[in-house]
1. Using alpha carbon centroids, what distance separates the stretch B:130-161 and the stretch A:206-220, in Å?
2. Enumerate the calculated ³J(HN,Hα) couplings along the stretch A:198-212 in order (Karplus 6.51 cos²θ - 1.76 cosθ + 1.60, θ = phi - 60°), each rounded to whole Hz, writing x wherever the residue is Gly or Pro.
3. Under 14 Å from a label point 7 Å along Cα→Cβ of B:Thr66: give me every residue in the stretch B:13-53 with its amide N that close.
4. Going by Cα centres, the stretch A:83-151 and the stretch B:97-112 are how many Å apart?
5. Under 13 Å from the Cα of A:Lys87, which aspartates and glutamates turn up, not counting those fewer than eight places away in the same chain?
6. How would A:Phe254, A:Phe95 line up by accessible area, probe 1.4 Å, largest first?
7. Would you mind calculating the gained length between A:Asp114 and A:Asp163 on full extension (0.36 nm times residue separation, minus the Cα-Cα distance), in nm to one decimal?
8. From a point 7 Å beyond the Cα of B:Glu52 in the direction of its Cβ, which residues of the stretch B:88-115 have a backbone N at a distance under 20 Å?
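The values are calculated or read from the model by the stated rules, or taken from the named source; none is laboratory data. Remember, predicted model here, so these are calculated numbers, not experimental data. Using ideal geometry, Cβ is built from the backbone for each residue, glycine included, and neighbour counts are taken over all protein chains shown. Ligands, DNA and RNA are excluded from the accessible area calculation, which covers all protein heavy atoms including side chains. Shrake-Rupley method; radii C 1.70, N 1.55, O 1.52, S 1.80 Å.
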Amino acid sequence: MSRVLLAFVAAALLLPGCAANFPRREVRQSASVVEYLYPKADEAPKLEPGIAILKPPVKVGIAFVPSAPRPGALPEPERAKLLARMKSSFEGRDFIGRIEVIPTAYLRPGGGFDNLAQVARMFDVDVVALVSHDQVRFNDSNALAVLYWTLVGAYVVNGDEYDIHTMIDVSVFDVASRRLLLRAPGTSRVGGSANLANYGERTRLAQADGYEKAVAEAVPRLDSELDGLKARIRAADPGVRVENRPGYKGGSAFDAGSLAFFAALAAFAWMRRRGG
Amino acid sequence: MSARLASPGVVSYLAGARIAPVLAAAVIAAVLLPDALAQRLEWQRVPLLAGEAWRLWTAPFTHHGTAHAAANAIALLVTGALAERAAGPGRVAAVLAIAALASGLGQLAFMPAMESCRGASSLAWALAGLALWAGPAGGLPFVRWALAGLAVVKFWLEMTGAPGATLPEGVAVAWAGHAAGFACGIALAPASPATRSA
């Protein structure tokens with residue numbers, strides 16, 4: 001009897017421990033492009049951009065919007081992997097030249113356009129694609145969680161559920177004019193269950209999966225928006241002007257000087273025949 | 001034949017050419033290609049470096065519009081006729097093939113900012129070099145060297161930003177292709193004149 005009593009006492013002592021270690025019901029990771037570019041805005045930012053002058057081949061930088069360091073944030077290697085996928089949308093386009101993936105460490109949270117311009121100068125890029133994100137993870141327990149009492153249940157019974165909503169938004173800014181050229185969003189929802197022992201690992205993987213799915217949805221939209229940008233430029237969008245960088249496009253052509261040379265060459269040939 | 005050679009005239013020169021008219025006609029016909037296809041054929045730095053070597057030989061057939069193509073076709077007709085008369089069609093064909101390669105590589109090496117290029121004038125400059133240097137100077141060596149010097153000055157002016165009259169605004173003249181083509185024509189010119197009737 002005393003052993004049963006001892007077991008109850010032990011369980012009662014352990015219960016608050018489990019409850020204390022259990023994650024919050026809602027966990028959020030976010031980095032907003034507005035907070036980064038307009039950190040001190042007390043009111044909605046007034047966009048007064050100039051005309052974006054693009055000089056093909058346009059040099060593009062891609063970066064995640066920086067946010068204050070917090071536990072559970074997307075690790076840098078994962079960010080690099082996602083940015084590499086987005087980079088593929090910019091590749092192979094005749095009006096886009098070099099594409100640089102910019103590590104988040106180079107951007108300062110709340111740095112604004114000044115910080116963006118510094119980074120653009122450092123990486124020698126004309127436009128920057130800023131990737132903002134917002135991910136919310138909801139944690140819930142289901143009825144099976146009661147079996148955690150058995151201790152073994154904490155390792156074999158999936159008594160906890162997660163539901164992860166992710167939103168990725170790619171905003172491409174012309175740095176010089178501060179003009180938003182295009183944006184492409186992507187969303188995803190990943191759900192699943194786990195037991196108490198592997199909950200942390202499962203949710204971490206699911207969160208990464210959520211980002212990947214959101215990026216997978218954003219990439220075709222980004223492709224489409226980039227096609228649309230080219231069409232807008234061709235249709236003489238008043239906000240975007242294209243100027244050729246010296247030497248970007250070449251033509252093998254003749255002018256008056258060339259024609260004069262060929263005339264002289266023909267005269268030389270004629271005189272040579274006469275002389276020879 | 002000697003009477004014709006002594007006083008060839010423009011018509012007999014053009015009538016005697018075999019390769020140049022075909023090339024000029026192909027240049028004009030290629031204007032009708034859809035732009036998407038022309039982009040697959042033009043000289044482009046990144047695809048070339050990735051292995052799309054055919055662009056070296058197809059780029060001369062792509063142009064920035066009808067005026068550009070027409071001017072180059074006329075230049076090809078004139079220089080091609082002179083070169084064929086001086087060196088023969090076999091040599092002309094060889095020079096064209098090698099000059100396309102040389103001018104494309106010259107642009108890669110000496111115009112690092114250039115991402116794409118269209119036009120056949122590098123070939124015309126190669127034919128000009130061939131026509132200038134094929135055979136003896138006929139008692140006019142000074143004129144030959146003076147013309148070569150003028151060509152060099154012309155390439156220098158192009159390099160320093162002289163606009164191409166038939167090129168759209170903002171398109172730079174591919175001076176490196178011109179210079180490489182001209183040098184190629186001179187290097188491959190035979191020491192003796194062609195012995196053929198035209």
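1. Taking the Cα centre of each part, the stretch B:130-161 and the stretch A:206-220 sit 62 Å apart.
2. Taking θ as phi minus 60°, the curve returns 10, 4, x, 5, 4, 5, 5, 5, 5, 5, 4, 4, x, 5, 5 Hz for the stretch A:198-212.
3. The answer is B:28-33, whose backbone nitrogens lie closer than 14 Å to the label point.
4. Going from one Cα centre to the other spans 41 Å.
5. Of all the aspartates and glutamates, those that pass the test against A:Lys87 - Cα under 13 Å, at least 8 places apart if same chain - are A:Glu100, A:Asp223.
6. Heavy-atom accessible area, descending, gives A:Phe95, A:Phe254.
7. Result: 13.9 nm gained on full extension.
8. B:100-115
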